[in-house]
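So the structure is just underneath, and the comments pick up after that.
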Amino acid sequence: MARTVHCVILGKDAEGLDWAPYPGDLGQRIYDNVSKEAWQRWLSHQTMLINEYRLTPIEPDARKFLEAEMEKFFFGGGSAAPEEYVPPE
């Protein structure tokens, strides 16, 4: 049986993640409050951030930036795209 959470992004009950997708307290908060669908939305947004800012995720500064954006995306009112970003059609 699938685990259900009240998703902070979707605003409704939805299928929860199978495990904490990130270490520490932030990962636990995500596990407790984020659905699989919302996590997929974050992964797409994260990919856009990595590409637009030309980040190398193994670099400590890039990881700190992405973690801060993840926190904003889920619990801080959203993570914005760069001003010059044009979504693909």
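The values are calculated or read from the model by the stated rules, or taken from the named source; none is laboratory data. This is a predicted model, so every value here is computed, not measured. When we count neighbours, we look across all protein chains shown, and the Cβ atoms used for this are built from the backbone with ideal geometry, even at glycine.
Overview of results
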read-out	value
Only one of GLN40, GLN46 that is part of a helix (DSSP H, G or I) and either surrounded by 17 or more Cβ atoms within 10 Å (Cβ to Cβ) or at pLDDT below 95 (or both)	GLN46
Positions within segment 68-83 being in contact (Cβ under 8 Å) with a residue 24 or more places away in the chain and over 15 Å from ILE9 (Cα atoms), in sequence order	ALA81, PRO82
Residue within segment 75-83 that is surrounded by 10 or more Cβ atoms within 10 Å (Cβ to Cβ), closer than 28 Å to ARG3 by Cβ, at pLDDT 95 or above and not aromatic (Phe, Trp, Tyr) present	no
So GLU89, is it touching a Leu at 6+ places or on another chain (Cβ under 9 Å) and over 17 Å from VAL5 (Cα atoms)	no
Among (1) within 17 Å of SER79 (Cα to Cα); (2) surrounded by fewer than 15 Cβ atoms within 10 Å (Cβ to Cβ), the one test that LEU26 misses	(2)
Subset of segment 49-66 (residues that are in contact with a helix residue (DSSP H, G or I) (Cβ under 7 Å, 6 or more places away or on another chain) and either under 17 Å from PRO88 (Cβ atoms) or modelled with pLDDT of 95 or more (or both))	LEU49, LEU55, THR56, LEU66
Candidates GLY16, GLY11 - the one that is surrounded by 11 or more Cβ atoms within 10 Å (Cβ to Cβ) and free of Cβ contacts under 8 Å to residues at least 24 places away in the same chain	GLY16
